Amino acid sequence: MWKNASPKTIYLKDYQPPAWLTETVDLEFHLHEHGTRVISRLTLEKNPDYFGEMTELRLDGEDLKAIWLRLNGEELASDAYSIDEQGVTLFRPPAKFVLESEVELSPETNTALEGLYRSSGMFCTQCEAEGFRRITWYQDRPDVMARFKVRLEADKESYPVLLSNGNPLEHGDLPNGRHYAEWEDPIPKPSYLFALVAGDLEFIEDEFITESGKKVQLRIYVEAENIDKCEHAMRSLINSMRWDEEKYGREYDLDVFNIVAVNDFNMGAMENKGLNIFNSKYVLARPDTATDEDYQGIEAVIAHEYFHNWTGNRITCRDWFQLSLKEGFTVYRDQEFSADMGDRGVKRIDDVRLLRAHQFAEDSSPMAHPVRPDSYMEINNFYTVTVYEKGAEVVRMQANLL
Ligand SMILES: [Zn+2]
C-alpha cells in the first residue's frame, strides 16, 4: 500500500507552534529478534505560547502495534482516543498529564530506512527527518524538545554493546542471559536526534580535556574486522573538538562522545546527540588502502557531524523548512575547519568546483528549489546540494558581510 497515494503539501505559512510541550521522555526498549517492545512515558504540558483552541492532541506513529495506552495511570477509554495509520489522536486531554504506552515493532522487517531496524545482527536507528514516529507515539517535529532517559534490554551474547544518547547511567545482568544499560541525556533535544545501537562491536578509546578542564571520554565503535582503521577518525574528532573551542568558543557538553561506524548504516552519517552513527566508509582508513582524498573526506565528515552538536542539536530547527539553517551553516563550518587543517586556497577551489558541477546543474534543472522552500510534500527530498552547499555559500556571504 502506498502511504502517499494522495500526498499532502506542507506550507511554511501554515506553521503553528505545538499545543502541548513534552518535558521528559522515558523509553524502555525490550529488544528481541522478533517482536521488540517499546514502553514510553511522556510528561506533557500545555504550551504557554499556543493560542489556538486546545481540543485534541495528535501524536505521530507509523507501523506501531498498540499494546496499551494510559493517561495519568488509567487505561484510556475507547472513546477518548482514536488510532489510524499515521498516529493517535487524544480527544480533550488535560493541560498537564503523563501518557504511557507500549507498542510492538518489527525492526527485523523494517526496510523504510527510518526508525529502528535490525541488519547484520545489529539494532540501529535513523530518526531524521521523521523516523522517530516508527518507534513510539510522539509529536515528531523539531520544535518539541524534551529530556530523554533510555533503558535498553537485550540478549547479552548477541548484543554485548548497548548505546544511546547522553551519559551512561547503570548497566547490569538480567535473568535468561539478558542484560540492560541505561542512558540519560540531560539536554533537551528534538526526536530526530534520538538514537540507539545494540550489537557486537569493538571500540577504540581516547579522551579530550575541554577548555574549562572537563574530561570527555571518546569512543569509536566498529565491527571487529574494522578495528585497525579508526585512528584517523579519532584524530579528526579531537582536532574538531579543539577547533570549535578555539574558533567559536563552543565546548562539548556531555561526559562521553560516541561514534558508531557500521557497514549497514543506510544514511551517510547522522549527528544524533552524543552518539553519531556513520556508514563505515566515512570513518575507516588505513595508509595502505586509503588515498589522501579519503583522509580529507573522513576528516570533513567527522567534523561536520561533531559541529552539529552546536549548530543543529543545541540550536535546532523550528521546522523542516529551516533544514539549511543547520545544514548550510554546518557545511560552512566544516569547510572552514578543513581550510584551517589543510590549504585554504585549495579547499576553496575544491568547494567551488563541487558547487559549479552539482549545485549549478540542479539550479538550472526542473529540480531547482530555494535554500529555504515555501512548501514541500516529502522533506526527505530536500537533502540536496542546494540546501547544503548553496546554503553554506549564503552563510559565507553573511560571514563576509559581518
Ligand atoms: Zn549535516
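Yes/no per residue for (1) modelled with pLDDT of 95 or more; (2) buried (at least 16 other Cβ atoms within 10 Å of the Cβ):
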| position | (1), (2) |
| --- | --- |
| Thr9 | yes, no |
| Asn72 | yes, no |
| Ser78 | no, no |
| Asp84 | yes, no |
| Gly87 | yes, yes |
| Leu99 | yes, yes |
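Going through segment 279-309 one residue at a time, which ones are assigned to a helix (DSSP H, G or I), touching a strand residue (DSSP E or B) at 6+ places or on another chain (Cβ under 9 Å) and within 16 Å of the ligand (Cβ to nearest atom)? Spell out the reasoning first.
Filtering segment 279-309 for residues assigned to a helix (DSSP H, G or I) gives 280-282, 292-307.
In the following step, the residues that additionally are touching a strand residue (DSSP E or B) at 6+ places or on another chain (Cβ under 9 Å) were identified as 280-282, 301-302, 304-306.
Correct list: Tyr282, Val301, Ile302, His304, Glu305, Tyr306.
Any residue at all in segment 269-282 that is under 15 Å from the mean Cα position of the chain (by Cα) and either more than 29 Å from Pro18 (Cβ to Cβ) or open to solvent by 40 Å² or more (accessible area, probe 1.4 Å) (or both)? Yes, segment 269-282 contains a residue that is under 15 Å from the mean Cα position of the chain (by Cα) and either more than 29 Å from Pro18 (Cβ to Cβ) or open to solvent by 40 Å² or more (accessible area, probe 1.4 Å) (or both). Where strands (runs of 3 or more DSSP E) fall entirely within segment 133-199, those with at least 1 residues that are open to solvent by 10 Å² or more (accessible area, probe 1.4 Å) and touching a residue at least 40 places away in the same chain (Cβ under 8 Å) are at 145-155, 161-164, 167-174, 178-190.
Going through (1) in contact with a Ser or Thr (Cβ under 8 Å, 6 or more places away or on another chain); (2) open to solvent by 40 Å² or more (accessible area, probe 1.4 Å); (3) of a type in the set (D, E, K, R) one by one, Glu223 falls short only on (2). On the given criteria, is Ala361 more than 23 Å from the chain's Cα centre (by Cα), part of a helix (DSSP H, G or I) and not aromatic (Phe, Trp, Tyr)? For Ala361, the condition - more than 23 Å from the chain's Cα centre (by Cα), part of a helix (DSSP H, G or I) and not aromatic (Phe, Trp, Tyr) - is met.
Those residues that are in contact (Cβ under 8 Å) with a residue 40 or more places away in the chain and among the basic types (Lys, Arg), I need them from segment 88-132; list them, please. Answer for segment 88-132, where residues must be in contact (Cβ under 8 Å) with a residue 40 or more places away in the chain and among the basic types (Lys, Arg): Lys96, Arg118. From the set of residues in segment 330-344 that are free of Cβ contacts under 8 Å to residues at least 12 places away in the same chain and open to solvent by 40 Å² or more (accessible area, probe 1.4 Å), which is farthest from the ligand (Cβ to nearest atom)? Checked segment 330-344; the qualifying residue farthest from the ligand (Cβ to nearest atom) is Asp343.
Of the set (1) open to solvent by 70 Å² or more (accessible area, probe 1.4 Å); (2) at pLDDT 95 or above; (3) more than 25 Å from Ser106 (Cβ to Cβ); (4) not aromatic (Phe, Trp, Tyr), all apply to Lys65 but (3).
Identify, by number, the condition in (1) more than 14 Å from the ligand (Cβ to nearest atom); (2) crowded, with 21+ Cβ neighbours inside 10 Å; (3) modelled with pLDDT of 95 or more that Phe265 doesn't meet. Here Phe265 meets the rest and fails (3). Restricting attention to segment 310-329 and to residues that are outside any helix (DSSP H, G or I) and hydroxyl-bearing (Ser, Thr, Tyr), the residue that is farthest from the ligand (Cβ to nearest atom) turns out to be Thr316. For segment 15-57, residues that are in a strand (DSSP E or B), open to solvent by less than 50 Å² (accessible area, probe 1.4 Å) and within 21 Å of Phe194 (Cα to Cα) total 14. Flag not set for Ala399, criterion: more than 14 Å from the ligand (Cβ to nearest atom), without any contact (Cβ under 8 Å) to a residue 60 or more places away in the chain and outside any loop (DSSP other than H, G, I, E, B).
The values are calculated or read from the model by the stated rules, or taken from the named source; none is laboratory data. Since this is a predicted model, take the numbers as computed values, not measurements. Positions of Cβ are backbone-derived with ideal geometry, glycine not excepted, and every protein chain shown enters the neighbour counts. Heads up: the accessible areas ignore ligands, DNA and RNA and are worked out on the full protein's heavy atoms, side chains in. Shrake-Rupley method; radii C 1.70, N 1.55, O 1.52, S 1.80 Å.
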